[in-house]
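**Q** My structure is below; once you've seen it, I'll send some questions.
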Amino acid sequence: MIPGARLILLGRQGAGKGTQCVRLSRQFVVPHISTGDMLRAAQREGSELGKMAKLVMDDGGLVGDEIMVGLIRERLGQSDAMGRGYILDGFPRTVPQAIALDEITTDLPIDVVIDVDVPREIVLNRLSARRVCRDCGTNYVSSGIERLPWICEVCGGDVVRRDDDTPEAIMHRLDLYDELTAPLIDFYQSTGRLCIIDGVASADEVSRRITAAVEEARQNRNR
Ligand code: AMP
C-alpha cells in the first residue's frame, strides 16, 4: 500500500506550490488542503466567512489567524486527513498559525516542511501572467494573445485572472510574505523540520526534488 504523508508546502505565491501540491496529493493519495481554495469556496457559497474573506483577499491582505486556525482545525479533524494525511498549501502563513498547527498536530506530527524557493522578481512575472479556471482551479499561463472567452480544458469553466492578481494586490501579498510568512523558515529550520527546494526549474524537476526530500526526511525519522 502507498504510504500517506503529512506535508506543508511553503513558498511565495506564484512559486508553483499549487501545481506541486496537486501532484503530491495524487502521489501520496492524500487530500490537498489549500486554505486559499477553502476561502474561495466560501465566497462562492456566499457565506459570511466568504464575504469577509473576499474583502481581505481582493486587497491582498491576510484573513485573521483565529479564523484560519479554526478552519484548519476542523479540516484536519476529518477522517481522510486523520487517516492518510494531507498536503497543506497556504497554511500556516504566520508564526502564530504555525504554533497553533503544532498544537493541533501533536499526536500526528508533520513529516516535513518543504519551502519551494523562488525569488521575488520571478514570481512577480509569473503572477502577472497567471490565469485560473473559476470552476476547477486549474492554473494557466497567459501569453497575452489568447482568444476570449478562454475556456478551461479540464472542465469547460471560464479561465480568468484571479481578483487578487492585480498589480497592487500582488505587491501587497509579496510584502506580507516577506514580513509575516518568511519567518516560518527560521521557525521550522530551528526545529529541524525544514527542507528548502530550489523552485526555479521545470515542474517535473521540482517534483523530483520534493519527492527526494520527503523520502530523505522519512529515512532520517526511521533511523
Ligand atoms: P492563496 O490561494 O494561498 O494565494 O490564498 C489567497 C488569499 O487567501 C491570501 O492572499 C489570503 O488573503 C487568504 N489566505 C489563504 N490562506 C491564508 C492563511 N493561512 N492566513 C491568512 N489568510 C489566508
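**Q** Would you mind working out the magnitude of the charge dipole of the stretch 19-90 relative to its Cα centre, with +1 at each Lys and Arg C-beta and -1 at each Asp and Glu C-beta, to the nearest 20 Debye? Write down the numbers at each step before the final one.
**A** Details: 9 positive and 10 negative charges, 71 e Å.
Using only the charged Cβ atoms, the result is roughly 340 debye.
**Q** Could you calculate the contour length gain from I145 to D198, that is, 0.36 nm times the residue separation minus the distance between their Cα atoms, to one decimal place in nm? Write out the running numbers ahead of the final one.
**A** Numbers: separation 53, 0.36 × 53 = 19.08 nm, distance 3.04 nm.
So the chain would gain 16.0 nm between I145 and D198.
**Q** Let me ask you something else. Report the FRET efficiency, 1/(1 + (r/R0)^6), for V160 and A41, where r is their Cβ-Cβ distance and R0 is 22 Å, rounded to 0.05.
**A** Numbers: r = 16 Å, r/R0 = 0.74.
So the FRET efficiency works out to roughly 0.85.
**Q** Next question, about the same structure. Along the charge dipole of the stretch 81-148, which of S143, P92, L127 sits closest to the positive end, that is, farthest toward it, with unit charges on the beta carbon of Lys, Arg, Asp and Glu (+1, +1, -1, -1)?
**A** The residue sitting farthest along the positive end of the dipole is S143.
**Q** Let me ask you something else. When each pair of different Cα atoms in the stretch 119-161 is counted once in the 1/r mean, what is the Kirkwood radius in angstroms, to one decimal? Mind dumping the intermediate values first?
**A** Numbers: mean 1/r = 0.0925 Å⁻¹.
Hydrodynamic radius (Kirkwood, Cα only) of the stretch 119-161 equals 10.8 Å.
**Q** Using a 1.4 angstrom probe, figure out how much accessible area the chain has per residue, in square angstrom, rounded to the nearest whole.
**A** Numbers: 11550 Å² over 223 residues.
Accessible surface, normalised per residue, equals 52 Å².
**Q** Now for a different question. Based on DSSP H runs of at least 4 residues, each adding -39500 (n - 2.57), what is the mean residue ellipticity at 222 nm of the chain after dividing by all its residues, to the nearest 500 deg cm²/dmol? Provide the component values of the computation, followed by the final result.
**A** Numbers: 10 runs with 108 residues, N = 223.
One gets -14500 deg cm²/dmol as the mean residue ellipticity at 222 nm.
**Q** State to the nearest 20 debye the size of the charge dipole of the stretch 119-161 about its Cα centre, where the only charges are +1 on K and R beta carbons and -1 on D and E beta carbons. Numbers along the way, then the final one.
**A** Working: 7 positive and 5 negative charges, 36 e Å.
Here the size comes out at about 180 debye.
**Q** Subtract the Cα-Cα distance of T106 and C136 from 0.36 nm times their separation in residues, and report this length gain in nm to one decimal. Could the numbers behind the result be given before it?
**A** Working: separation 30, 0.36 × 30 = 10.80 nm, distance 3.28 nm.
Answer, rounded to one decimal: 7.5 nm.
**Q** Let me ask something else about it. What order do you get for 28-36, 10-18, 121-129 when each peptide is scored by the mean count of other beta carbon atoms within 10 Å, highest first? Please list the in-between numbers first.
**A** Numbers: 28-36: 19.9, 10-18: 24.2, 121-129: 15.2.
Descending mean neighbour count gives 10-18, 28-36, 121-129.
**Q** Per the 1.4 Å probe, what fraction of the accessible area of the chain, in percent, lies on carbon and sulfur atoms?
**A** On the way: 6250 of 11550 Å².
Its accessible area is 54 percent carbon and sulfur atoms.
**Q** How big is the Rg/Rh ratio for the chain, C-alpha atoms only, Rh by Kirkwood, two decimals?
**A** Details: Rg = 17.1 Å, Rh = 18.1 Å.
Using only Cα positions, Rg/Rh for the chain is 0.94.
**Q** Nothing charged except the Cβ atoms of Lys and Arg (+1) and of Asp and Glu (-1): what's the magnitude of the dipole of the chain about its Cα centre? Round to the nearest 20 debye.
**A** Its charge dipole is roughly 620 debye.
The values are calculated or read from the model by the stated rules, or taken from the named source; none is laboratory data. All of these numbers come straight from a predicted model, not from anything done at the bench. Heads up, the Cβs are rebuilt from the backbone with ideal geometry, glycines too, and the neighbour counts pull from every protein chain shown. In case anyone asks, the SASA skips ligands and DNA or RNA and just uses the protein heavy atoms, side chains included. Shrake-Rupley method; radii C 1.70, N 1.55, O 1.52, S 1.80 Å.
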